[in-house]
Amino acid sequence: MSKINRSTTQARDGQVIVGIKKDLQNVSSLPLAASTYTMAALEQLIQSRIDAANAVANAKANWHDAMATYDALNTKVTEVVRGLRQYVINAFGQNSPVLADFGFTPPKKATLTPEQKVAKAAKAKATREARGTMGKKQKALIKGTVSTTAPATSPAAPAPTPAHAATPVPPVVTAPPQVLAKP
């Protein structure tokens, strides 16, 4: 048999009370579930279940209100206590016995296992390679070359440009100055 929810049970109990008042007022007593009930006692018993369901609903609503109040207060107090802890650490030091007076513990530094250290280094190396990141020493090894003479036959092939770059401007070629003879 499936469980019936409280609101459905309350509605049914209300209807049962209506039926008792309407159709069973002439009955003096009823033997039900190993007990004998008068109609007034039967109404009172059923009404007590309705009242208990209402009390549960009120308690649940009060509980929800109390939890909302607690959650808001908890958020604020947590921030204050976090700030107080930081103040005490700054004022008295990380390893001061004063921390214990407040119930605070000194901050712990994460200790990595050798396997975690190796994995961390490998990941950092892979990231540097993927991004093409270089340190000062690698950058210092890169030297550019400057050509002093321009090739006379064909210009060097232009370097590929990214799709988002502006259209390249063709180089300006100047002719050597002409010497005019005086007549």
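Can you give me the Rg/Rh ratio for the stretch 6-102, using Cα atoms for both radii and the Kirkwood formula for Rh?
1.53
With r defined as the distance between the Cβ atoms of Ala124 and Thr75 and R0 fixed at 30 Å, what FRET efficiency is calculated, to the nearest 0.05?
It comes to 0.25.
When the Karplus curve 6.51 cos²θ - 1.76 cosθ + 1.60 is applied with θ = phi - 60°, which whole-Hz ³J(HN,Hα) does each residue of the stretch 68-78 get, with x for Gly and Pro?
5, 5, 4, 4, 5, 5, 4, 4, 5, 5, 4
Using modelled backbone amide H atoms (1.01 Å from N, in-plane), which distant-in-sequence or interchain residues come within less than 5 Å of Tyr37's amide H?
When sequence neighbours closer than 5 places are left aside, the close amide H contacts are Leu30, Leu32.
Between Asn95 and Thr38, what length comes free when the chain is fully extended (0.36 nm per residue of separation minus the Cα-Cα distance, one decimal in nm)?
Once the chain is fully extended between Asn95 and Thr38, it gains 13.0 nm.
So, counting K/R as plus one and D/E as minus one, what does the shell of residues with Cβ under 14 Å around Phe92 add up to? Mind dumping the intermediate values first?
Details: positive: Arg85; negative: Asp101.
Once positives and negatives cancel, what remains is 0.
Cα to Cα, under 22 Å, and not fewer than 8 places away if on the same chain: which lysines meet these conditions relative to Lys109?
Partners found: Lys117, Lys120, Lys123.
Each value in this text was obtained by applying a stated rule to the coordinates, not by laboratory testing. Quick caveat: nothing in here was measured; it's all calculated off a predicted structure. Heads up, the Cβs are rebuilt from the backbone with ideal geometry, glycines too, and the neighbour counts pull from every protein chain shown.
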